[in-house]
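Worksheet: one structure, shown below.
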Amino acid sequence: MSDQIDGGLRSELQRQGIWVTSMEELYNWGRKNSIWPLQFGLACCAIEMIATAASRYDIARFGGEVFRPSPRQADLMIVAGTVTKKMAPQIVRLYNQMPDPKYVISMGACAISGGPFKQGYNVLKGIDRYIPVDVYIPGCPPRPEALLHAFMELQRKIDSQKLTGNAKAEHLDPMQPSEFPVPAFGAHDLEPAANPRLFQPPKIERS
Amino acid sequence: MPNSLIKAECTGRSKLPRLTNLVDDVILIAMTPNPYFFIVIFCGVAVVFPLMPLALAWLWRRFFQPPRPGAGKNATYECGVESVGEAHVQFQSQYYLYCVIFLIFDVEAIFLVPFAVAFTGLPVGAFISILVFLLLLIEGLVWAWSKGCLDWGSKRLSAR
Ligand code: SF4
């Protein structure tokens, strides 16, 4: 409905105290203001995440609400810290076990790319190899304000998601896979080393 | 409503014709606040209150849930690790016995420390009484031991 009503008319009505909204907006408004993150931390970034959840920064003010210790009740996975190859299958499995719709914030250089430990044989070079990431936060570690910013970006994304039509959100499409393959420990590395559906590294052209 | 008032009402109504009298009585019973009536209300609310969110959640799931189940999603949650075996495993009651025995000897240690500190200045009577106390506990330990309470997962106990 909000597509049919003119924006100018809408704000005019609003000024007169008449609020016009659509189911979609209402639904998304509810979703974006009650995001329950999964409660787990991986490395030093997790300390910043804890600070964000604690009284000084208080992510609940923004709708971050309660950190849930079970994926069944979580909407958001904050990958905060270094993902070792030993931990990666668990993270993917936890992500799979979260109910749709679900979102991922990749917090810190480590979760994005391996960060300072990128050369380490045991460090995964970015969690986006296995699960789709919605918001990346650079920094080592990112400050709590940065996490709040990422959170607000995610809210913006949720707010803009369509519930119907061709461009509707991915989680509403029954054709999309609901799970991502969990990597297994191979002889030298995780197998597969990345999910080709999600991760295509740019090809380096050497002349 | 005070009793006298009800009575006054009853006597007032009883002068009415017979048929309406019965109806009136029914109405009166329904209107009179029985002291237990609140418990009935309370029970009703206590049942409806938890059922309503469950029903709403069920309805929501039925009509609006993104239909995307999966084997991994429905699997048992075990902190991300693949679950091993059944979720309904039994824990040995042996553990409880261990705890109780540990607790007894833990408390004994509290008594033993002041005894050890004051040992040189103790009269003979105090020494003997603590000795008896120790002997009692040791006897208990021997008894528990001989009963097999200290064998973790022993065949004797698990066979029972
Ligand atoms: S990005 Fe920096 S602060 Fe965050 S987990 Fe990695 S090393 Fe630690």
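The values are calculated or read from the model by the stated rules, or taken from the named source; none is laboratory data. These figures come from a predicted structure and were not determined experimentally. Cβ sites come from the backbone with ideal geometry, for glycine too, and all protein chains shown count toward neighbours.
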Going through (1) in a loop (DSSP other than H, G, I, E, B); (2) within 12 Å of the ligand (Cβ to nearest atom) one by one, A:Ala109 fails only at (1)
Note: among A:Lys118, A:Lys125, A:Lys157, just one is modelled with pLDDT of 90 or more and under 14 Å from the mean Cα position of the chain (by Cα), namely A:Lys157
Filtering the range A:130-158 down to residues that are within 16 Å of the ligand (Cβ to nearest atom) and closer than 19 Å to A:His171 by Cβ yields A:Val133, A:Val135
Verdict on A:Ile127 being within 16 Å of the ligand (Cβ to nearest atom), of a type outside the set (Gly, Ala, Ser) and within 14 Å of chain B (Cβ to nearest Cβ):
yes
Expected output for the range B:143-155 (first residue surrounded by 13 or more Cβ atoms within 10 Å (Cβ to Cβ), partner modelled with pLDDT of 80 or more and among the aromatic types (Phe, Trp, Tyr), Cβ below 9 Å, 6+ apart or cross-chain) is B:Cys149/B:Tyr98; B:Cys149/B:Trp143; B:Leu150/B:Tyr98; B:Asp151/B:Trp145
### Query
Out of all the residues in the range B:38-47, is one or more surrounded by 10 or more Cβ atoms within 10 Å (Cβ to Cβ), at pLDDT 85 or above, under 30 Å from A:Ser178 (Cβ atoms) and hydrophobic (A, V, I, L, M, F, W, C)?
no
Conditions (1) away from every other protein chain (no Cβ under 14 Å); (2) within 16 Å of the ligand (Cβ to nearest atom); (3) more than 15 Å from the chain's Cα centre (by Cα) -> A:Leu42 fails only (1)
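Give the residue, chosen from A:Val104, A:Val92, that is in a strand (DSSP E or B) and more than 15 Å from the ligand (Cβ to nearest atom). Lay out the reasoning, then the answer.
On the way: A:Val92 fails: in a strand (DSSP E or B).
The match here is A:Val104.
Where in the range B:48-160 are the helices (runs of 4 or more DSSP H), entirely inside, with at least 1 residues that are more than 14 Å from chain A (Cβ to nearest Cβ) and among the basic types (Lys, Arg)?
Working: elements: B:94-117, B:124-146, B:155-158.
Once the helices (runs of 4 or more DSSP H) in the range B:48-160 are filtered for at least 1 residues that are more than 14 Å from chain A (Cβ to nearest Cβ) and among the basic types (Lys, Arg), what remains is B:155-158.
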Answer yes or no as to whether A:Pro37 is within 14 Å of chain B (Cβ to nearest Cβ) and more than 10 Å from the ligand (Cβ to nearest atom). no
Note to self: Residue under question is A:Tyr95, and the condition is that it be closer than 22 Å to A:Gln161 by Cβ, touching a residue at least 40 places away in the same chain (Cβ under 8 Å) and away from every other protein chain (no Cβ under 11 Å); does it hold?
What the structure shows: no
- Could you tell me whether any residue of the range A:158-167 is more than 14 Å from every other protein chain (Cβ to nearest Cβ), farther than 30 Å from A:Met23 by Cβ and either aliphatic (A, V, I, L, M) or in a strand (DSSP E or B) (or both)? no
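May I ask you to say which residue of A:Pro181, A:Pro141 is within 14 Å of chain B (Cβ to nearest Cβ) and in contact (Cβ under 8 Å) with a residue 60 or more places away in the chain? It would help to see each step written out before you state the result.
Values: A:Pro141 fails: within 14 Å of chain B (Cβ to nearest Cβ).
Within the list A:Pro181, A:Pro141, the selection yields A:Pro181.
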Can you find a residue that is more than 14 Å from every other protein chain (Cβ to nearest Cβ), part of a helix (DSSP H, G or I), away from the ligand (no atom under 16 Å from the Cβ) and of a type outside the set (Phe, Trp, Tyr) anywhere in the range A:17-32? yes
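Working only within the range A:58-89, note down all residues that are in a helix (DSSP H, G or I) and within 12 Å of chain B (Cβ to nearest Cβ).
As a first pass, look at the range A:58-89 and keep what is in a helix (DSSP H, G or I): A:59-62, A:71-73, A:88-89.
Scanning the range A:58-89 gives A:Pro71, A:Arg72, A:Gln73, A:Ala88, A:Pro89.
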Scanning the range B:101-128 for residues that are surrounded by fewer than 11 Cβ atoms within 10 Å (Cβ to Cβ) and under 41 Å from the mean Cα position of the chain (by Cα) gives B:Phe102, B:Leu103, B:Asp106, B:Ala109, B:Ile110, B:Val113, B:Pro114
